[in-house]
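Accompanying notes for the structure given below.
The values are calculated or read from the model by the stated rules, or taken from the named source; none is laboratory data. Please read all numbers here as calculations on a predicted model, not as lab measurements. Note that we place each Cβ from the backbone using ideal geometry, even for glycine, and neighbour counts take in every protein chain shown.
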Amino acid sequence: MSALSPSVSFTINVCNTDAPFLEPTLRHMMRALNYPFTERLVAYDPGKQEGKYTQRIQGSQHDIENILQRLLEDKIIDRVDVIPWSGHEQNRILYKYFGTEKVDLKDFSGAPIYQYLYALDRCTGDYVFHADSDMLFHRSGNGSWIADGIELFQQEPSVIVTCPRAGPPLAKTWLEKLTGRSFERPLPTKWRRVDFTSTRYFLMDMAKLKICLPLMQAKSGEPLEKSLTYTFREKDFEQWNLTAYTYWTIHPWRHDENYIRYLPDLIWAVENNIYPFCRTGYQWDMRTEGKLINEWLKVLHKHGHALD
């Protein structure tokens, strides 16, 4: 990048439950995103998980520390910040982003609020790409959707967040399920406006976020993504997503034994635009629990993978 190029930070949040899938997933992200980030940061919370996160396969602090050390040594990431739980730091972050210290540190389900904002606060880039530690990304060709997103930010003053397409093509009608073919017509525009900002993954314009502060909550205890969505709407900012399948992303529904066992093959499938067109669940979710793994194994077997 030239000296005048905008700086982009990469950040993910990590906890001990991520140990079974973190290393191959993060190495995959760097290949798939294909962007020269000015910094690649990990915000690590070694504390005990709460709510829905206690149901996941548990790792250990020792496992995570070893994984992060390997990633640092291989220059996959540049820095690990251990999330501080001091009252002073919590209050500083909450006041900076919400204008008050009276905000829950986690939402009603145990999902992070303070941790996400702390990770965001550690970034120095003009733009920040954030992803959950389990996200998988596909790209076709040698480009990067992040470069497209920055161009969009610069052309459209109202756009504060952008993302790639959510999930590969999925059979939706009875005819598509019967024929195994998509009859979806390409949208006439490269970008489309969406009404919700998810914290699973996003590229954010940090100068525009600063304008939006303090964030507002529609309801106490709500997830951070709802606060972002509500604030952006109230401040007349928008999220636009790519419409083509040149870039897409998918999220594992469960980090179950099937998912962990076949993760290298599933990553290969996503990187190579391989997926079951007829499959269960939402377009953006990868279902692997129980017999649902067979939907993915069928296409993997067809391409010589997951044959054990």
Evaluation of ILE160 against (1) at pLDDT below 95; (2) hydrophobic (A, V, I, L, M, F, W, C); (3) surrounded by 14 or more Cβ atoms within 10 Å (Cβ to Cβ) (one fails), failing number: (1)
Pairs where the first residue, in the stretch 177-195, is farther than 30 Å from SER227 by Cα and touching a residue at least 60 places away in the same chain (Cβ under 8 Å) and the second is among the hydrophobic types (A, V, I, L, M, F, W, C) and outside any strand (DSSP E or B), C-beta under 7 Å, 6+ apart: LYS177/ALA171; LYS177/CYS278; GLY180/PHE277; GLY180/CYS278; SER182/PHE277
Has the stretch 64-75 got at least one residue that is assigned to a loop (DSSP other than H, G, I, E, B) and not hydroxyl-bearing (Ser, Thr, Tyr)? yes
Scan of the stretch 87-142 for residues that are among the aromatic types (Phe, Trp, Tyr), without any contact (Cβ under 8 Å) to a residue 60 or more places away in the chain and surrounded by fewer than 19 Cβ atoms within 10 Å (Cβ to Cβ), ordered by number: TYR95
Looking at (1) in a loop (DSSP other than H, G, I, E, B); (2) surrounded by 14 or more Cβ atoms within 10 Å (Cβ to Cβ), find the lone condition where ARG185 falls short. (2)
Of the residues THR249, THR288, which single one is among the hydroxyl-bearing types (Ser, Thr, Tyr), surrounded by 16 or more Cβ atoms within 10 Å (Cβ to Cβ), under 22 Å from VAL194 (Cα atoms) and modelled with pLDDT of 95 or more? THR249
Can you confirm whether the stretch 93-111 contains a residue that is closer than 18 Å to THR231 by Cβ, out of contact with any helix residue (DSSP H, G or I) (no Cβ under 9 Å at 6 or more places or on another chain) and not in a loop (DSSP other than H, G, I, E, B)? yes
Those residues of the stretch 140-157 which are farther than 18 Å from THR246 by Cα and either modelled with pLDDT under 95 or in contact with a Gly (Cβ under 7 Å, 6 or more places away or on another chain) (or both) amount to none
